[in-house]
1. Please specify each residue of the stretch 171-207 satisfying the condition of being in contact (Cβ under 8 Å) with a residue 24 or more places away in the chain and small (Gly, Ala, Ser).
2. Would you be able to tell me the number of residues in the stretch 309-341 that are among the small types (Gly, Ala, Ser), crowded, with 20+ Cβ neighbours inside 10 Å and more than 30 Å from Ser236 (Cβ to Cβ)?
3. Looking only at the stretch 284-302, count how many residues are at pLDDT 95 or above and among the aromatic types (Phe, Trp, Tyr).
4. Got at least one residue in the stretch 231-249 being outside any loop (DSSP other than H, G, I, E, B), more than 26 Å from the chain's Cα centre (by Cα) and at pLDDT below 95?
5. When you go through Glu48, Glu70 one by one, which is the residue that is modelled with pLDDT of 95 or more, within 30 Å of Lys360 (Cβ to Cβ) and within 27 Å of the chain's Cα centre (by Cα)?
6. May I ask you to list pairs of residues, at least six apart or on different chains, whose Cβ atoms are under 8 Å apart, with the first in the stretch 69-84 being within 17 Å of Ser101 (Cα to Cα) and the second being among the polar types (S, T, N, Q)?
7. Those residues that are surrounded by 15 or more Cβ atoms within 10 Å (Cβ to Cβ) and under 15 Å from Ile82 (Cα atoms), I need them from the stretch 94-106; list them, please.
Amino acid sequence: MKKLFLIITLFFCIPGTNAMSYPTIEVIKDNTDYLLIHEKSLPIVDIEISFAIGSKDDGSLKGITNYSIELLHQQKINGEKIIDSFEKVGALYNSSVNRDSSALKIRFIKSDKNIEFISKKLNEILKAENLSATPLEYTRDVIINSITSRDLSPASIISYKTNEEFFVGTGYAHPISGYKNIIEKINVTDIKKHIKKIINVSNIKVSMVGDINENEATYFISRVLSNVPMGNDYVSAYNKLNYQGNSKIRHIDHDSKQTHISIYIPSVTRNHKNFYNILVANYIFGGSGFGSMLMQEIREKNGLAYSVYSYLAPFKDIGVLKIGMQTESKNTARSLEILKAEIDKFKKFDISNEKVKKAKLGLLKSFELRLDTNKKMLSTLSAINSYEMHDNYFEEYIEGINLVTKESIISSLKSDLDFENISINTVGNN
């Protein structure tokens, strides 16, 4: 009886991640740019078409990638905007631009008619043959209004001002939406030229999740990419971090009741060999909510903020660990003092093996939540596609976390985080 009880106990104590059944990633017709997770539980298809061009590739026309992508779905065919034609069949379309890439996403109910119609409309978007001045001016106004709003929000100000300082001299430094004086000057010719740089078959990756098999996916992609240019000579420039801030504090005056604090620490990119060490370390430091070092010290012990956090932002060329919080202006100096002390503790990483073990388990369990809906599955698949990590990604993630130890974290913190060049910015009243 005791032996049976022990077996039952061990069975229920096995971490859920070991029993998790991860989806199969299919490479569509052996083309590693096109990935599929065939999920038949619902008659829905989610698709992301991504381009390896982001705001870092804007060049002198800061904001032009965002501007261009915003215009694509506003093209008119037979007097109707493409975005309106999607709505008529119940398809949900949206686009996005980040620093390393851009993307179009669409979700629709599976049917032969929808596959034909939506693939045709996406093809019209990508060929970009129907751009005109009217949506250009309308979108210009929308972007300029968003830039004006950005300069009124302390949260937005500290985000883009910290980026300007930290990423100085790189394509990552400017806001994705650009600057008003530049957006005002961009014309149709600029947009068409930039779209040719963005949209070509060699620059496109397609990620698909849902009730669509490989043959159907192949047919869909072939229609979407029909007569789309094959390639161009543009090569995205490598961005090297130039920042040397020596932990000086830069304050930006803004009339607000609270002061926003932003701290950047140079870190690792996603494909770095020590990424998992830094990921686990950050989970303990400020990435795990109420159990984190930062939350315990800033909120629980000192009551200086409702929330404080840290997270990894591993861009293609540069990695950064970001820390953020806001507090009453009278508490700014005290908060900065504690944050610096916590960073010093983090650097030394005098953390028990038990805490490291719990952090690893927490990350593995949260990993499962990335796959509990088709939308989340698509987001994960798109990241896998972008980083070209489709071979055994799920197994490698789990193994990467499991191999982390306290000793490997300490070694990585010494070699991979630049604690000598931390960027510290505050926005608010003095």
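The values are calculated or read from the model by the stated rules, or taken from the named source; none is laboratory data. Everything numeric here is computed off the predicted structure, so don't read it as measured data. Cβ coordinates were reconstructed from backbone atoms using ideal geometry, including for glycine residues, and neighbour counts include every protein chain displayed.
1. The answer is Gly171, Ser177, Gly178, Ser202, Ser207.
2. 1
3. 1
4. Residues of the stretch 231-249 outside any loop (DSSP other than H, G, I, E, B): 249.
Remaining after also requiring more than 26 Å from the chain's Cα centre (by Cα): 249.
Subset that is at pLDDT below 95: 249.
Among the residues of the stretch 231-249, at least one is outside any loop (DSSP other than H, G, I, E, B), more than 26 Å from the chain's Cα centre (by Cα) and at pLDDT below 95, which makes the answer yes.
5. Glu48
6. Ile69/Ser95; Ile69/Ser96; Ile69/Ser102; Glu70/Ser95; Glu70/Thr139; Leu71/Thr139; Leu72/Ser95
7. Correct list: Ser95, Leu104, Lys105, Ile106.
A quick yes/no check of all residues on (1) touching a residue at least 60 places away in the same chain (Cβ under 8 Å); (2) farther than 20 Å from Met295 by Cβ; (3) not β-branched (Val, Ile, Thr):
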position	(1), (2), (3)
Ala341	no, no, yes
Ala359	yes, no, yes
Lys375	yes, yes, yes
Leu378	yes, yes, yes
